[in-house]
Amino acid sequence: MAGKERSEPIRSVEEINEKIKRGDAVVLTAEEMIDLVESGGLEVAAKEVDVVTTGTFGAMCSSGAFLNFGHANPPIKIFKCWLNDVPVYKGLAAVDGYLGATAMSETRGFEYGGGHVIEAFLSGEEVELRGEAYGTDCYPRRHVETTITLDDLNQAVLVNPRNCYQTYDAATNSSDRVIYTYMGTLLPNYGNVTFSGAGQLNPLCKDRYYETIGIGTRIFLGGGVGYVIGEGTQHSPQGGFGTLMVKGDLKQMNSRYLRGASFYRYGTTLYVGVGIPIPIINMKVAETAALRDEDIYVKIRDYGVPLRPDLRPVVREVSYAELRSGKVTINDRDVPSSSLSSYKMALEIADVLKKWIFEGEFLLTEPVEPLPRYREFKPMKLRRRELTVRDLMRRKVVTASPDDDVRVIAKRLVEKGIDHLPVVDRNSRLVGIVTSWDLAKAIAQDRDRLDEIMTRRVITAHEDEPIDVVVRRMTQHNISGVPVVDRARRVVGILTTDDVSRRLVGGR
């Protein structure tokens with residue numbers, strides 16, 4: 001179908017709203033639209049359907065709420081603020097604050113954060129407010145401690161800088177260790193794949209060319225009515241990574257659709273429910289509104305390589321249909337896949353929005369300004385070169401073979417004055433590691449060969465990794481050195497805490 005014909009109007013938003021008021025509008029969820037197109041064809045569906053409802057429900061870290069606490073007597077200009085021990089941003093006026101979803105409790109850490117406080121407000125719970133100030137003539141109070149509920153707040157406005165990614169890269173892990181990320185726990189050696197997003201229900205997948213969603217679009221947000229107020233941060237539509245900035249009255253929302261959550265050993269977040277009506281104004285919109293999971297592809301990226309998200313190696317491209325099947329194929333092996341977002345909740349949101357429209361409680365809005373269809377994605381510029389493993393590692397590495405004698409190797413460590421000895425096969429590939437402590441214990445236990453005592457699951461590093469990343473890894477695993485390997489796991493160097501200390505503590 002020619003581009004011009006696909007863009008010719010079928011109906012206007014104004015005409016659809018009139019039909020909604022009369023109770024004549026035909027409203028389908030995105031799933032139902034797909035079924036209709038498959039049974040009757042795209043042209044029939046486009047002529048019949050007025051609105052397609054969408055939904056998504058997942059972790060949206062770039063979320064939070066502006067809160068106004070009201071003035072105490074005597075008043076206070078709050079300089080530092082906490083809600084249930086979660087820090088609130090206070091670079092605002094005296095009793096205004098912004099509670100970020102990923103802010104973490106100062107006493108409970110990863111277990112509790114800003115997202116949980118938002119859910120507590122919506123659940124009707126009392127929340128502990130603590131504030132400190134330096135005191136001024138017009139704001140003399142220097143401390144306040146009380147409990148508040150959502151009803152006690154003058155305003156509570158959910159303002160989320162980045163929600164509803166159009167598509168989102170899936171994640172896996174090629175390294176030899178478990179890693180903990182915003183994509184959940186990733187098992188070593190491609191042990192699992194995690195993904196996020198609602199695929200064929202996702203709002204921005206259903207209006208791929210931004211013909212109906214723009215500034216001013218009325219939406220379902222957290223169980224209440226919200227609005228698109230602009231492009232989201234990191235909006236990169238030309239690559240399929242469009243995002244939305246949204247807002248709504250927190251007091252009108254529902255804790256079913258706003259849930260605090262924690263990612264194990266990563267941090268806290270807020271699960272947000274968003275639904276957007278797509279008016280079928282032309283064939284082009286109808287076509288994208290009918291896209292199936294089989295038609296929507298994402299990249300699986302290797303999170304085992306500690307690079308910027310867009311630079312992580314792509315393992316392969318897969319459809320949402322394959323991801324939702326419960327397994328994907330990597331290197332001719334079936335790997336389990338699991339979703340971090342809820343398709344069931346996304347479908348519920350699309351159904352609720354459909355009901356609102358069908359009952360005349362929700363009218364559509366035309367954008368006052370379209371969202372940009374192109375944005376350059378700019379990474380952070382690092383003005384100073386950062387030290388990498390390559391800068392500090394020692395390239396002359398003493399190694400051993402698995403069948404070497406324990407006493408011979410112990411003597412070699414003493415002669416060389418080293419504590420870590422990588423064990424390699426005939427091709428110089430790493431198969432284990434022993435330390436001076438391992439050897440001392442082995443001699444005491446009368447062991448003979450290295451393969452009887454060596455650690456087989458070795459924590460490693462790569463030459464191009466930043467030093468701070470590797471030092472953190474050593475701290476996590478309570479070790480003092482790591483072999484440096486290439487992509488084929490051949491040993492090319494070694495890095496110890498002594499190497500780091502000599503360079504960083506001893507001076508650059």
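Taking every DSSP helix (H) stretch of at least 4 residues in the chain, weighting each as -39,500 (n - 2.57) and dividing the sum by the residue count yields a mean residue ellipticity at 222 nm of -6500 deg cm²/dmol. What angle, in degrees between 0 and 90 and rounded to the nearest 10, separates the Cα long axis of helix 406-416 from the longest principal axis of the Cα atoms of the chain? That helix lies at roughly 90 degrees to the long axis. Placing dummy labels 7 Å off each Cα toward the beta-carbon, the span from Lys47 to Glu14 is 2.5 nm. Lys/Arg Cβ at +1, Asp/Glu Cβ at -1, dipole of the chain taken about the Cα centre: which of Ile34, Met104, Val52 is farthest positive-ward? Going by the Cα projections, it comes out as Met104. Using Stokes-Einstein with the Kirkwood hydrodynamic radius over Cα pairs, what translational diffusion coefficient do you get for region 70-153 at 4 °C and a viscosity of 1.567 mPa s, in µm²/s rounded to a whole number? Translational diffusion coefficient: 99 µm²/s.
Note on Lys251: aspartates and glutamates with a C-alpha under 12 Å away, same-chain residues under 8 apart excluded, are Glu119, Asp151, Asp152. Taking each residue as 0.36 nm, the span from Asp295 to Leu307 lengthens on full extension beyond its C-alpha to C-alpha distance by 1.5 nm.
Computed over the alpha carbons of region 200-349, Rg followed by Dmax gives 16.9, 51 Å. Computed about its Cα centre, the charge dipole of region 428-508 is approximately 160 debye, with only Lys, Arg, Asp and Glu carrying charge at their Cβ.
In terms of other Cβ atoms within 10 Å, Asp35, Asp169, Asp302, Asp403 run from fewest to most in the order Asp403, Asp35, Asp302, Asp169.
In terms of other Cβ atoms within 10 Å, Met380, Met183, Met283 run from fewest to most in the order Met380, Met283, Met183. Only one residue of Thr149, Leu122, Val86 has its Cα farthest out toward the positive end of the dipole of region 70-153, where Lys and Arg carry +1 and Asp and Glu -1 on Cβ, and that residue is Val86. Averaged over residues, the count of other Cβ atoms within 10 Å places the peptides 329-342, 107-120 in the sequence 107-120, 329-342, highest first.
The order of Phe195, Phe263, going from fewest to most other C-beta atoms within 10 Å of their C-beta, is Phe263, Phe195. The alpha carbons of region 1-126 stretch over 65, 32, 31 Å along the principal axes, in descending order.
Can you bin region 401-508 into rounded, prolate or oblate? Criterion: square roots of the alpha carbon gyration tensor eigenvalues sorted a ≥ b ≥ c, rounded for a/c under 1.5, prolate for a/b above b/c, oblate for the rest. Prolate, because a/c is 1.5 or more and a/b exceeds b/c. Taking 10 °C and 1.306 mPa s as the conditions, I'd like the Stokes-Einstein D for the chain in µm²/s, using the Kirkwood hydrodynamic radius from alpha carbon pairs. Diffusion coefficient, whole number: 61 µm²/s.
Using R0 = 60 Å, the C-beta based FRET efficiency linking Asp24 and Asp446 works out to 0.10.
For the pair Lys327 and Glu366, label points projected 7 Å from Cα toward Cβ lie 5.2 nm apart.
Straight-distance candidates among the aspartates and glutamates for linking to Lys21, with alpha-carbon spacing under 16 Å and chain neighbours fewer than 8 residues away dropped: Asp50, Glu359, Glu361.
Divide the volume of the convex hull around the Cα atoms of region 284-412 by the residue count and you get 254 Å³ per residue. Once the C-beta distance of Arg429 and Tyr264 is scaled by a Förster radius of 35 Å, the resulting FRET efficiency is 0.65 to the nearest 0.05. What you get for the chain, charging only the Cβ of Lys and Arg (+1) and of Asp and Glu (-1), is a dipole of about 2280 debye around the Cα centre.
Work out the FRET efficiency for Phe79 and Met380 from their Cβ-Cβ distance, taking R0 = 25 Å, and round it to the nearest 0.05. Rounded to the nearest 0.05, the efficiency is 0.30.
Every number in this text was worked out from the coordinates using simple rules, so none of it is lab data. Keep in mind that what you see is a predicted model, and the values were worked out from it rather than measured. Using ideal geometry, Cβ is built from the backbone for each residue, glycine included, and neighbour counts are taken over all protein chains shown.
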